[in-house]
Amino acid sequence: MKPVNKGGYIGGFRDHGDAKPDLLARLGHFCSYCESSGSPQQLHVEHIYQKATTAHPKLKNNWHNFLLACPTCNTYKSHHLGNGRQTGLLKRFLWPHLDNTFAAFDYDSSGRVFPNPGLPRQISGLARDTITMVGLMQSPAAAVNYAALGIAYDGASKRSEAWEIAKRARDAYLQNPSPAQLRAVCDACYCTGHFSIWMAVFYRQPIVRHALITKCKADPVCFDATTSAPIVRGRA
């Protein structure tokens, strides 16, 4: 899950949809949860605390309560949490604008997502709960019903496909590590999405990883300026 920097507070929104241009400019054209790439029309202005909840009515048009989400993640998260499970969300899960969520999760070529085994026990539990909250991040083996199974398979399939595309891009780059090839890698990542997959595939190429961080609008403070290794932000 790509860590992001939303920047300073922006207010004055008459409707939450008015925040989309600023979110796109600061976060890129990606789902904040599953990292899929989407057009501005496809992505939703997602409420961390649901806009319909009676517990936090003032957060409906509040910049601090916004992220971008694909329709699947937005709908799944809303159904999973429901109006009765909206207490303490910022403490119960890991969030890409508060924590270094890149450091919290590991990815493999089959499309699975799992907590980084080096996490402290408490943070590992938060990572597991976050995976459960985001249907597209779940393993099909963990799906609780038929609908969730389809969503989980879709997420795993897309990540596996992104892994293969990133591998081919890495092979091409290693054969010709030119500035033009580096731009091609970054453009391919931006189009396919799944920033964390590309970072995992290029884990031995810090020059490429730094270029991906810039291109995909990941928060640079979450990565070492030389090695590109993740740095703790928030709880991870």
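The values are calculated or read from the model by the stated rules, or taken from the named source; none is laboratory data. From a predicted model like this one, the values you see are computed outputs, not experimental measurements. No Cβ is skipped: glycine too gets one built from the backbone with ideal geometry, and neighbour counts run over all protein chains shown.
Name every residue in the range 1-58 that is under 29 Å from D187 (Cα atoms), in contact with a helix residue (DSSP H, G or I) (Cβ under 9 Å, 6 or more places away or on another chain) and of a type in the set (D, E, K, R), in order of residue number.
Residues satisfying the conditions are K2, K6, D22, E35, E46.
Would you please name the residue that is farthest from W198 (Cα to Cα), looking only at residues in the range 66-92 that are within 13 Å of the chain's Cα centre (by Cα) and not in a helix (DSSP H, G or I)?
Step one: filter the range 66-92 for residues within 13 Å of the chain's Cα centre (by Cα), giving 67-70, 73-74.
Pick out the ones that are also not in a helix (DSSP H, G or I) and you get 67-70.
Numbers: L67: 22, L68: 20, A69: 20, C70: 19 Å.
Across the range 66-92, the extreme among qualifying residues is L67.
Among the residues of the range 212-229, are any more than 22 Å from T101 (Cβ to Cβ), assigned to a helix (DSSP H, G or I) and hydrophobic (A, V, I, L, M, F, W, C)?
Taking the range 212-229 and keeping what is more than 22 Å from T101 (Cβ to Cβ), we get none.
There is no residue in the range 212-229 that is more than 22 Å from T101 (Cβ to Cβ), assigned to a helix (DSSP H, G or I) and hydrophobic (A, V, I, L, M, F, W, C).
Conditions (1) in contact (Cβ under 8 Å) with a residue 12 or more places away in the chain; (2) within 25 Å of W95 (Cα to Cα); (3) touching a Ser or Thr at 6+ places or on another chain (Cβ under 6 Å), marked per residue:
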site	(1), (2), (3)
G150	no, yes, no
A180	no, no, no
Y190	yes, yes, no
Y203	no, yes, no
I213	yes, yes, no
S228	yes, yes, no
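Give the residues of the range 115-125 that are in contact with a Lys or Arg (Cβ under 7 Å, 6 or more places away or on another chain) and either in a helix (DSSP H, G or I) or at pLDDT below 95 (or both), sorted by residue number.
Initial filter on the range 115-125 (in contact with a Lys or Arg (Cβ under 7 Å, 6 or more places away or on another chain)): 115, 123.
Matches in the range 115-125: I123 only.
Take the residues in the range 7-56 that are in a loop (DSSP other than H, G, I, E, B) and aliphatic (A, V, I, L, M), then tell me which one is farthest from K91 (Cα to Cα). Step through it out loud before you land on a result.
Step one: filter the range 7-56 for residues in a loop (DSSP other than H, G, I, E, B), giving 7-15, 28-29, 31-35, 38-43, 48-56.
Next cut, aliphatic (A, V, I, L, M) only: 10, 43, 48, 52, 55.
Numbers: I10: 23, L43: 25, I48: 12, A52: 20, A55: 16 Å.
Top of the filtered list is L43.
Tally up the residues in the range 21-45 that are over 13 Å from the mean Cα position of the chain (by Cα) and closer than 15 Å to H97 by Cβ, please.
Count: 6.
When the residues of the range 93-114 are narrowed to those that are under 13 Å from the mean Cα position of the chain (by Cα), among the hydrophobic types (A, V, I, L, M, F, W, C) and not in a loop (DSSP other than H, G, I, E, B), which ends up farthest from L136 (Cα to Cα)?
Among those that are under 13 Å from the mean Cα position of the chain (by Cα), among the hydrophobic types (A, V, I, L, M, F, W, C) and not in a loop (DSSP other than H, G, I, E, B), it is A103.
Please go through the range 137-148 and give me each residue that is surrounded by 16 or more Cβ atoms within 10 Å (Cβ to Cβ) and either assigned to a helix (DSSP H, G or I) or in contact (Cβ under 8 Å) with a residue 12 or more places away in the chain (or both), ordered by number. Break it down into steps so the answer makes sense when it comes.
Of all residues in the range 137-148, those surrounded by 16 or more Cβ atoms within 10 Å (Cβ to Cβ) come to 137-140, 143, 148.
Hits for the range 137-148 are M137, Q138, S139, P140, A148.
Based on this model, can you work out whether T87 counts as buried (at least 17 other Cβ atoms within 10 Å of the Cβ) and either free of Cβ contacts under 8 Å to residues at least 12 places away in the same chain or among the hydroxyl-bearing types (S, T, Y) (or both)?
Working: buried (at least 17 other Cβ atoms within 10 Å of the Cβ): no; either free of Cβ contacts under 8 Å to residues at least 12 places away in the same chain or among the hydroxyl-bearing types (S, T, Y) (or both): yes.
No; evaluated as a whole, the condition is false for this residue.
(1) in contact with a strand residue (DSSP E or B) (Cβ under 8 Å, 6 or more places away or on another chain); (2) assigned to a helix (DSSP H, G or I); (3) within 20 Å of R235 (Cβ to Cβ): which one isn't true of T132, the others all being true?
That leaves (1) as the condition not met.
List the pairs whose first member sits in the range 99-121 and is in contact (Cβ under 8 Å) with a residue 40 or more places away in the chain and over 24 Å from H210 (Cβ atoms), whose second member is surrounded by fewer than 18 Cβ atoms within 10 Å (Cβ to Cβ) and of a type in the set (A, V, I, L, M), and whose Cβ atoms are under 7 Å apart, counting only residues at least 6 apart or on separate chains?
Between residues of the range 99-121 that are in contact (Cβ under 8 Å) with a residue 40 or more places away in the chain and over 24 Å from H210 (Cβ atoms) and residues that are surrounded by fewer than 18 Cβ atoms within 10 Å (Cβ to Cβ) and of a type in the set (A, V, I, L, M), there is no close pair.
Among Y173, Y203, Y190, which is the only one that is hydroxyl-bearing (S, T, Y), at pLDDT 95 or above and within 26 Å of L67 (Cα to Cα)?
On the way: Y173 fails: within 26 Å of L67 (Cα to Cα); Y203 fails: within 26 Å of L67 (Cα to Cα).
Criteria check complete, one pass: Y190.
Of the conditions (1) touching a strand residue (DSSP E or B) at 6+ places or on another chain (Cβ under 8 Å); (2) assigned to a helix (DSSP H, G or I); (3) touching a residue at least 12 places away in the same chain (Cβ under 8 Å), D154 fails just one. Which one is it?
Only one criterion in (1) touching a strand residue (DSSP E or B) at 6+ places or on another chain (Cβ under 8 Å); (2) assigned to a helix (DSSP H, G or I); (3) touching a residue at least 12 places away in the same chain (Cβ under 8 Å) is unmet by D154, namely (1).
Return the residue satisfying two criteria in turn: it lies in the range 1-53 and is within 30 Å of N116 (Cβ to Cβ), touching an Asp or Glu at 6+ places or on another chain (Cβ under 7 Å) and of a type in the set (A, V, I, L, M), and of such residues it is surrounded by the most Cβ atoms within 10 Å (Cβ to Cβ).
So, considering only residues that are within 30 Å of N116 (Cβ to Cβ), touching an Asp or Glu at 6+ places or on another chain (Cβ under 7 Å) and of a type in the set (A, V, I, L, M), the one surrounded by the most Cβ atoms within 10 Å (Cβ to Cβ) is M1.
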